[in-house]
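Structure provided below as structure tokens; questions to follow.
The values are calculated or read from the model by the stated rules, or taken from the named source; none is laboratory data. Given the structure is predicted, the values throughout are model-derived calculations rather than measurements. Cβ sites come from the backbone with ideal geometry, for glycine too, and all protein chains shown count toward neighbours.
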Amino acid sequence: MRKLRRAYQKNQRQNKRFKQRIVSAGVAAVITLGSSASISKAIGPDLPDPHQLSVKCDADADLLANKEETAIGYNVFRADQNRNGILDGVELARYCCEVVKELPVYPPGPLPDNIYKIEHALDGLEQCEVCGQWIHMGGWEIINRKLNLRYPDPNDPMERSFLPDLALHYMEHGSFDCQGSRHKGRVNIPRLLRVLEVRYPYDPNEHQLPVDGNDLDKDLLTDNEELSAGWNLYDADQNANLIPDGPERAGRCAEIIDALPVYEPNTPGIEEPYKINYFQKGIETCHICSALVNMGYWLVVNPKLGLSIQVPDIVCHYMKHGSFSFAGDVHGKGRIDLNLLVNVLGERYKASIDLGPYNLGDFNEDHIVNLLDLADFSNQWLVSTDPNENECYR
Amino acid sequence: MRRLRRRACQRHIKDNKKLSQNIQCHSEPFAALKDKLCEESTFLTGQTLRFAQGDDFKILAKKFKRRIVSAGVAAAITLGTAATTNKALAAGLPDPHQLPVSMDSDGDFLANREEFAIGYLLFDPDQNRNLIPDGVELANRCNSVIGSLPWQGQQTDPNQTYKWHTPVFGIEFCEICGATINMGPAGIVNPRLNLSVSFPLIALHYIEHGSFSYNGTIHDGRVDVPSLLRVLETRFPYEPNDHQLPLNYVVKGSGQLAPDANDLDRDLLADTEELASGFDLYDADQDANIVPDGIELAKQCSSVIDQLPVYNPYGGGLPPEKPYKINYFQHGLELCEICGNQVNMGYWHIVNPKLTLFIDVYDITCHYLSHGSFSFSGLKIDPPNGPFHNGRVKIALLLSILEMPKRCGDLGTIYLPGDINKDCKEDLNDLADFADNWLQSTGP
């Protein structure tokens, strides 16, 4: 009898506490969901090249420290913003190395107009601690005349007067850190980018002609175009994918036009946008690359809206290279009516570029707040970024 | 004995039934989500979840551990239920001219599309935390800027932005207050940017009352907010102060105050200063509180300097271990070049004993910092108006000495994506905010 009573009382106590426990169970679930991803991200990803040394205080393990990402306007918690499978830091280092290598050298010759480099040749070699290669222990001083800036800063802890060749060797391998027998340290990324006038690991193209009108955010879209289309004229990279808005949109428009079905004029019963071939017997030469294109045009039609636009083949050529402006020997210099083009392409254009908005809590930007976001949320559960508590966020 | 045992058993069964019904009740609101959740949880955990089905309580109890995931979701949603009321409706409307705006997720009187175009946050109605909806504040600021513009024909410079109005023979009435307004068109022209914006005159009446939407007996609609801001060359609703000296400000005899006038993002912090102190030189408002970074940082520094403990080196005590300041005020005053206020001509000697760094900050510098400027310019009283202390604070050094960012919210603070309330910690408060948006879609 006593045993039965005890069992009954125990059972009753458990029932009473059930409701209270559901809340703590919820919290437990949140943490549980994140447990699979709780391993430090800095250790998690494979580092295919041993030159890519891990970086301290790098929340997303993209080989750019939190402070560096803040300074250059990158996302501190996203390792691969342009989703090309390469870590942002690796991509940026390789790109900067390319840019530095291509800079004009002075002296000898006339003083370059804007950015140039000066060689600091030293009589000696140093060894890369990773691959053992012997590298010149000198380097390059980079000057930006327009901004009156030079790299490195006179107080740079790694090297005060030049960017070591060893650093370039590591940058070529995707790392801003370098470890050699003489030079050890990290490149001052924000300064290097500013001196080089580079912001994204994105290779601009000579076809991307400068725009004539005002372009506040320097994204190769004029303020007027952005205002008419309702785009953000204060942000050069609205979707934070490290590609300026203008070239990205031009490329997308070219892809959409390429994929449009071709019909004969006045074909009945078509509701979706299509194009009509008005190519001519003649060619046109691109002013930049001298490529030969047809001197005719596509007539792109949106039957639902009753709108159409002529897109010369030379314009398609430039759009593929990321420019809405064009220069050919038949059509001359000009710029396509961007807002009309976007309207004609209609829904196809909107579907091709995801600019949000994303709800609070939609961390993976898939336009819905769901369990995947809860998993992301739980991943950072109780993590503090208070500068007083966590030195990585100071 | 048997009777007692039977009664105990009956009670036990009854309690179990109640409990199972209770769980069923909890699971019912989520029935519609069942398939989706199962699908997603299968993806996440590799196991298909089961939901309570009333009588199979025993099975439920056995598999409780597996179901903890669904309980977590339930808890997440439950926590957020209190905040599900439409925010747009919840916001108070102090002035009836502030007409509600359609497609305004955060109820700040700026449509989503507008916020997107001007770079504001779509889901934060009060980005600068001053309890005024962003749209109202922005309209008030625009009103102030428009008020200061010359009318067409009165410009002193051909590139000066001006406003125009073409009166017509007729009036219309404001639907809210009944004010009579000419029914003619008006607009603003920025010749330098070759941009213009036009609207009916009644729109100015509504902008004056904090609304970009207008409703008259003849005209109703909404001003093109992004175009208006660009034409006015205004982006944020903050009220600028004359103390906020531009980077290329020159003082006679001393030259340019700032060593570098390049300011890519136009936030009143020079590029070299941003590079030295690690701020974002591509974004004028990196913490999205709609105040330019330079002004915000100067005010934060002023506040931190104010709160530093004062140490008297002649008092005999040991100096503090944390940053402190020593008063080196003098018997004399200097004038602020902008407002004419008199301040002490002395300075604070600010020391960081841990870093063994120090900086001298004049009282006039503190005056300018409190007004949002790192550049300062003081004048002598005798001889009158001669230049005295002027220059620009070494920002990187000052920030190092003050150990900034020091507090959560200081410029440069990094927030986790899940730190929705920006208190520098991802906790239950954020979970509640997260749950508030549970399964909400922003898909096109």
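Take the residues in segment B:423-444 that are facing chain A (nearest Cβ under 7 Å), free of Cβ contacts under 8 Å to residues at least 60 places away in the same chain and in a loop (DSSP other than H, G, I, E, B), then tell me which one is nearest to B:Phe279 (Cα to Cα).
B:Cys424
A further question on this structure: Only residues that are of a type in the set (Val, Ile, Thr) and over 17 Å from B:Leu308 (Cα atoms): list them for segment B:361-385, please.
B:Ile364, B:Ile381
Additional query: Looking at (1) away from chain B (no Cβ under 12 Å); (2) in a loop (DSSP other than H, G, I, E, B); (3) surrounded by fewer than 16 Cβ atoms within 10 Å (Cβ to Cβ), which is the only condition A:Ile288 fails?
For A:Ile288, the exception is condition (3).
Next up: Let me spell it out: the conditions are (1) at pLDDT below 95; (2) within 25 Å of A:Ala65 (Cβ to Cβ); (3) in a helix (DSSP H, G or I), and B:Ile401 meets all of them except one. Which number is the exception?
(1)
Of the conditions (1) under 17 Å from the mean Cα position of the chain (by Cα); (2) of a type in the set (D, E, K, R); (3) more than 25 Å from A:Tyr358 (Cβ to Cβ); (4) surrounded by fewer than 17 Cβ atoms within 10 Å (Cβ to Cβ), B:Asp157 clears all except one; give me its number.
Of everything listed in (1) under 17 Å from the mean Cα position of the chain (by Cα); (2) of a type in the set (D, E, K, R); (3) more than 25 Å from A:Tyr358 (Cβ to Cβ); (4) surrounded by fewer than 17 Cβ atoms within 10 Å (Cβ to Cβ), B:Asp157 misses just condition (1).
Assess whether B:Ser196 counts as being in the same structural domain as B:Arg141 (by TED's automatic domain parsing) and farther than 15 Å from B:Arg141 by Cα.
yes
If you check B:Ala284 against the conditions, is it among the aliphatic types (A, V, I, L, M), in contact with an Asp or Glu (Cβ under 9 Å, 6 or more places away or on another chain) and buried (at least 21 other Cβ atoms within 10 Å of the Cβ)?
Against the criterion (among the aliphatic types (A, V, I, L, M), in contact with an Asp or Glu (Cβ under 9 Å, 6 or more places away or on another chain) and buried (at least 21 other Cβ atoms within 10 Å of the Cβ)), B:Ala284 qualifies.
For segment A:174-188, state whether one or more residues are at the interface with another protein chain (Cβ under 10 Å from one of its Cβ atoms), modelled with pLDDT of 90 or more and farther than 30 Å from B:Arg113 by Cα.
Scanning segment A:174-188, I find at least one residue that is at the interface with another protein chain (Cβ under 10 Å from one of its Cβ atoms), modelled with pLDDT of 90 or more and farther than 30 Å from B:Arg113 by Cα, so the answer is yes.
Suppose we filter A:Ile72, A:Ile86, A:Ile115 for residues that are hydrophobic (A, V, I, L, M, F, W, C), within 27 Å of A:Pro204 (Cβ to Cβ) and over 17 Å from the mean Cα position of the chain (by Cα); which single one remains?
Going through A:Ile72, A:Ile86, A:Ile115 in turn, just one is hydrophobic (A, V, I, L, M, F, W, C), within 27 Å of A:Pro204 (Cβ to Cβ) and over 17 Å from the mean Cα position of the chain (by Cα): A:Ile115.
Out of the residues in segment A:377-391 that are at the interface with chain B (Cβ under 7 Å from one of its Cβ atoms) and not in a loop (DSSP other than H, G, I, E, B), state the one that is surrounded by the fewest Cβ atoms within 10 Å (Cβ to Cβ).
A:Ser384
Please determine, by comparing only the residues of segment B:245-273 that are of a type in the set (Ser, Thr, Tyr) and more than 15 Å from A:Pro190 (Cβ to Cβ), which one is surrounded by the fewest Cβ atoms within 10 Å (Cβ to Cβ).
The residue in question is B:Ser254.
I'm checking my understanding of the structure. Among residues of segment A:243-255 that are of a type in the set (A, V, I, L, M) and surrounded by fewer than 22 Cβ atoms within 10 Å (Cβ to Cβ), which one is nearest to the other protein chains (Cβ to nearest Cβ)?
A:Ile243
Of the conditions (1) farther than 20 Å from A:Glu119 by Cα; (2) crowded, with 19+ Cβ neighbours inside 10 Å, A:Asp212 fails just one. Which one is it?
Unmet condition: (2).
Moving on. Being outside any loop (DSSP other than H, G, I, E, B) and surrounded by 15 or more Cβ atoms within 10 Å (Cβ to Cβ) is the filter here; which residues of segment B:221-244 pass it?
B:Arg222, B:Val225, B:Pro226, B:Ser227, B:Leu228, B:Leu229, B:Arg230, B:Val231, B:Leu232
Conditions first: (1) in a loop (DSSP other than H, G, I, E, B); (2) more than 22 Å from A:Asn232 (Cα to Cα). B:Ser211 passes all but one, so which condition is the exception?
Of (1) in a loop (DSSP other than H, G, I, E, B); (2) more than 22 Å from A:Asn232 (Cα to Cα), only one is false for B:Ser211: (2).
In addition: I'm checking my understanding of the structure. Among residues of segment A:216-231 that are surrounded by 20 or more Cβ atoms within 10 Å (Cβ to Cβ) and assigned to a loop (DSSP other than H, G, I, E, B), which one is farthest from the other protein chains (Cβ to nearest Cβ)?
The qualifying residue farthest from the other protein chains (Cβ to nearest Cβ) is A:Leu220.
Something else about it: State all residues of segment B:398-422 that are touching a Phe, Trp or Tyr at 6+ places or on another chain (Cβ under 9 Å) and either more than 7 Å from chain A (Cβ to nearest Cβ) or small (Gly, Ala, Ser) (or both); if no residue qualifies, say none.
If the condition is that a residue be touching a Phe, Trp or Tyr at 6+ places or on another chain (Cβ under 9 Å) and either more than 7 Å from chain A (Cβ to nearest Cβ) or small (Gly, Ala, Ser) (or both), then B:Leu398, B:Ile401, B:Leu411, B:Gly412, B:Gly418, B:Lys422 are the ones that fit.
Please determine, by comparing only the residues of segment A:34-83 that are of a type in the set (Lys, Arg) and more than 17 Å from B:Gly278 (Cα to Cα), which one is modelled with the highest pLDDT.
Step by step, filter segment A:34-83, then rank; the result is A:Arg78.
Within segment A:126-144, restricting attention to residues that are in contact with a Pro (Cβ under 8 Å, 6 or more places away or on another chain) and assigned to a loop (DSSP other than H, G, I, E, B), which residue is surrounded by the most Cβ atoms within 10 Å (Cβ to Cβ)?
Only one residue fits best here, namely A:Met137.
Next question. Among the residues of segment A:150-187, which ones are surrounded by fewer than 21 Cβ atoms within 10 Å (Cβ to Cβ) and either among the β-branched types (Val, Ile, Thr) or part of a strand (DSSP E or B) (or both)?
Scanning segment A:150-187 gives A:Arg150, A:Gln179, A:Lys184, A:Gly185, A:Arg186.
If you go through segment B:310-320 one residue at a time, do you hit one that is aliphatic (A, V, I, L, M), without any contact (Cβ under 8 Å) to a residue 12 or more places away in the chain and assigned to a loop (DSSP other than H, G, I, E, B)?
yes
Could you run through segment A:344-375 and say how many residues are touching a residue at least 60 places away in the same chain (Cβ under 8 Å) and within 8 Å of chain B (Cβ to nearest Cβ)?
5
Only one of B:Ala288, B:Ala284, B:Ala270, B:Ala276 is at positive phi and within 14 Å of another protein chain (Cβ to nearest Cβ); which?
B:Ala288
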